[in-house]
Amino acid sequence: MRHISRIIVTPDMVRDVLEYNHETGVMTWKERPVSMFKNEDFQKIWNTRFAGNTVGTRHTNGYLKVTINYKQLFVHRVAFAHYYERWPDKEIDHINNIRDDNRIVNLREVTRTENLENQSLISPRNKSSGLLGVHWSDHVNNWVAHITTNKKIYHLGVFDDKYEAQKAYLSAKEKVHAGWMGGADCEGID
């Protein structure tokens, strides 16, 4: 009997069981041949229930997951493997920061640092402003902008307006974060 943890999901296996529309990012189950089942009855049951259905269950972190041969995988990594016929060596970044947008133009293979540099999630420190890189400081009674790069925090200034602080942050981010793929709109990205 095969040990389940030793089953390897290959890009070829992914292509055998899934259809991937790289323009929409939607992935669906393919109809499976009888050779993948114990008998025709199991094949018919599976194909009736799953073939043509969209894959992906939302994980608590917002990414979609799929199970192939008892292995849970992130759909964005599966999409990459399906399209490029190889598993990524690094992390997969959603360029627009929408975690279930798995169009191939929105996925890029990056280092951990580049992936973190493209973040648009607001840290607990920035909850007061609702803007990336900006927080209210009771100490100076104003908005403050900071940026972190190479594990160092840099103070960008004190501002009367939180949007001015964000402009300073975004300007610095474009200069020091090579992974940043940010948008032109200061408000809507955060």
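Since every read-out is calculated from the coordinates, none of them should be taken as a lab result. On a predicted model such as this, the values are computed, not experimentally measured, just so you know. Positions of Cβ are backbone-derived with ideal geometry, glycine not excepted, and every protein chain shown enters the neighbour counts.
Table for the structure above
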item: Total charge dipole magnitude, segment 4-110, about the Cα centre, Cβ charges on Lys, Arg, Asp, Glu only, Debye to nearest 20; result: 320 debye
item: Most mobile of T60, T149, T111 in a GNM of the chain (Cα contacts under 10 Å); result: T60
item: Crossing angle, helix 75-84 versus the chain [Cα axis fit, 0-90 degrees, rounded to tens]; result: 70 degrees
item: Over the chain: helical MRE at 222 nm, DSSP H runs n ≥ 4 each giving -39500 (n - 2.57), nearest 500; result: -7500 deg cm²/dmol
item: Trypsin sites (Lys or Arg not before Pro) within segment 144-179: DSSP coil, no more than 15 neighbouring Cβ in 10 Å; result: K151
item: Those aspartates and glutamates that a straight Cα-Cα span of less than 20 Å connects to K71, excepting residues fewer than 8 apart in one chain; result: D12, D16, E19, E31, E85, D89, E91, D100
item: Proximal lysines to K151, defined as alpha-carbon separation beneath 30 angstrom and excluding residues fewer than eight positions away on the same chain; result: K90, K127, K162, K167, K173, K175
item: Built amide H within the under 5 Å cut-off of G157, gap 5+; result: A145
item: DSSP loop GluC sites (Glu not before Pro) with at most 11 other Cβ within 10 Å excluded, longest remaining stretch of the chain; result: 24-186
item: Dipole magnitude of the chain, debye to nearest 20 (Cβ charges: Lys/Arg +1, Asp/Glu -1, about Cα centre); result: 840 debye
item: Under 21 Å from K44, Cα to Cα: lysines that are on another chain or at least 8 residues apart; result: K30
item: Whole-Hz ³J(HN,Hα) from phi, Karplus 6.51 cos²θ - 1.76 cosθ + 1.60, for segment 90-105, glycine and proline x; result: 10, 7, 10, 9, 7, 3, 8, 6, 9, 5, 10, 8, 9, 5, 4, 5
item: Degrees, to the nearest 10: 162-176 long Cα axis against longest axis of the chain; result: 60 degrees
